[in-house]
Amino acid sequence: MRALSRPLLATLFTTLLVVGVTACGDDDDADASGDGGTTTTADDSGDPYGSGDTSEGDAKAEEGTIVAVDFELSDLTVAPGEEIYLQNDGEQNHTATSDEDGLFDLEADGGSTSDPDTAPEEPGEYTFHCEIHSSMTATLTVEG
């Protein structure tokens, strides 16, 4: 068997090194689809928790979801008696607590989705707030 010459070994080593470094790019590199690595979980309806996202919290929060982000709560419109959730997209813990005692009270740690609660059966507008951050307020509208 014939031994490889030093120049040939150096060329082979350099080629393998370049290929290895290129293949091990960081997370900011474009993905194989060529779209710059951008992904979205929104489906055609514009729902950010649509079928493209498969995590348990997001899957159960497709409809009837109040979103807490950057110390703001989103308004929500639902059917009477519909299950509602609080999707907390921030780092701080938040609640969505009805201003009228006992109607609904959702709690979610940062980056999680609450257990469900039930929207009121009576159509109307129900204001709610975050128990932790009193300046966070919004309205749940029940349409029937």
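Report yes if Asp89 is charged (D, E, K, R), in contact with a strand residue (DSSP E or B) (Cβ under 6 Å, 6 or more places away or on another chain) and in contact (Cβ under 8 Å) with a residue 60 or more places away in the chain, otherwise no. In short, no. The single condition from (1) in a strand (DSSP E or B); (2) in contact with a Pro (Cβ under 8 Å, 6 or more places away or on another chain) that Ala138 fails is (2). Taken together, the residues in the range 95-114 that are in contact with a Gly (Cβ under 9 Å, 6 or more places away or on another chain) and over 25 Å from Glu143 (Cβ atoms) amount to 3. Taken over the range 113-138, the residue count meeting the criterion of being in contact with a Ser or Thr (Cβ under 6 Å, 6 or more places away or on another chain), surrounded by 16 or more Cβ atoms within 10 Å (Cβ to Cβ) and hydroxyl-bearing (Ser, Thr, Tyr) is 1. Pairs linking a residue in the range 67-83 that is closer than 13 Å to Val142 by Cβ to a residue that is in a loop (DSSP other than H, G, I, E, B) and aliphatic (A, V, I, L, M), with Cβ atoms under 9 Å and 6 or more positions apart or on different chains, are Leu76/Ala119; Val78/Ala119; Ala79/Ala119; Pro80/Ala119; Gly81/Ala119; Glu82/Ala119; Glu83/Ala119.
Among the listed residues Gly57, Gly102, Gly90, which satisfies the condition of being on the phi > 0 side of the Ramachandran plot and either modelled with pLDDT of 95 or more or not aromatic (Phe, Trp, Tyr) (or both)? First the steps, then the outcome.
Details: Gly57 fails: on the phi > 0 side of the Ramachandran plot; Gly90 fails: on the phi > 0 side of the Ramachandran plot.
So the residue among Gly57, Gly102, Gly90 that is on the phi > 0 side of the Ramachandran plot and either modelled with pLDDT of 95 or more or not aromatic (Phe, Trp, Tyr) (or both) is Gly102.
Please find, among Gly81, Gly110, the residue that is surrounded by fewer than 16 Cβ atoms within 10 Å (Cβ to Cβ), at pLDDT 85 or above, touching a Ser or Thr at 6+ places or on another chain (Cβ under 7 Å) and not in a strand (DSSP E or B).
Working: Gly110 fails: touching a Ser or Thr at 6+ places or on another chain (Cβ under 7 Å).
Going through Gly81, Gly110 in turn, the sole match is Gly81.
The values are calculated or read from the model by the stated rules, or taken from the named source; none is laboratory data. The structure displayed is predicted, hence computed values, not measured ones. Every residue, glycine among them, receives a Cβ derived from its backbone with ideal geometry; neighbour counts consider all protein chains shown.
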